[in-house]
Amino acid sequence: MPERLVVVEEAFVASGRGVVVAPKIALPRAAPPGTFAVRLRLPDGSERGATASFDVAHIRGPLTPFAMVRLLDCAPGDVPAGTEIWSIDA
């Protein structure tokens with residue numbers, strides 16, 4: 001079942017390909033390895049597909065692991081604040 005991963009507050013260029021979006025999210029389970037397809041629902045109501053991966057923080061101790069979503073085929077202007085990023089069932 002599709003799941004909303006995050007509502008974008010900001011998209012920015014970081015080292016590596018594509019853009020990283022904020023806010024960071026808690027991972028309820030292990031992050032899928034590699035890349036995966038997502039659906040972007042933009043604030044204007046339009047939708048498009050994208051390819052994503054998780055940038056996972058490596059944390060020790062009792063803290064909940066977190067990640068940021070990286071969109072590999074987008075630029076910051078492609079992902080305005082308020083965009084919803086949804087998983088796609090395989």
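The values are calculated or read from the model by the stated rules, or taken from the named source; none is laboratory data. It should be emphasised that the depicted structure is a prediction, and the values quoted were computed from it without experimental measurement. When we count neighbours, we look across all protein chains shown, and the Cβ atoms used for this are built from the backbone with ideal geometry, even at glycine.
Numerical summary
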item: Yes/no for Ala11 being surrounded by 14 or more Cβ atoms within 10 Å (Cβ to Cβ), over 10 Å from Ile85 (Cα atoms), in contact (Cβ under 8 Å) with a residue 40 or more places away in the chain and in contact with a helix residue (DSSP H, G or I) (Cβ under 9 Å, 6 or more places away or on another chain); result: yes
item: Any hit, region 6-20, residues being part of a strand (DSSP E or B), touching a Lys or Arg at 6+ places or on another chain (Cβ under 6 Å) and of a type outside the set (S, T, N, Q); result: yes
item: Output for region 5-52, where each listed residue is out of contact with any Leu (no Cβ under 8 Å at 6 or more places or on another chain), charged (D, E, K, R) and under 15 Å from Val79 (Cα atoms); result: Glu9, Glu10, Arg39, Arg41, Asp44
item: Meets criteria (touching a helix residue (DSSP H, G or I) at 6+ places or on another chain (Cβ under 8 Å), of a type in the set (A, V, I, L, M) and either at pLDDT below 95 or surrounded by 13 or more Cβ atoms within 10 Å (Cβ to Cβ) (or both)) for Val69; result: no
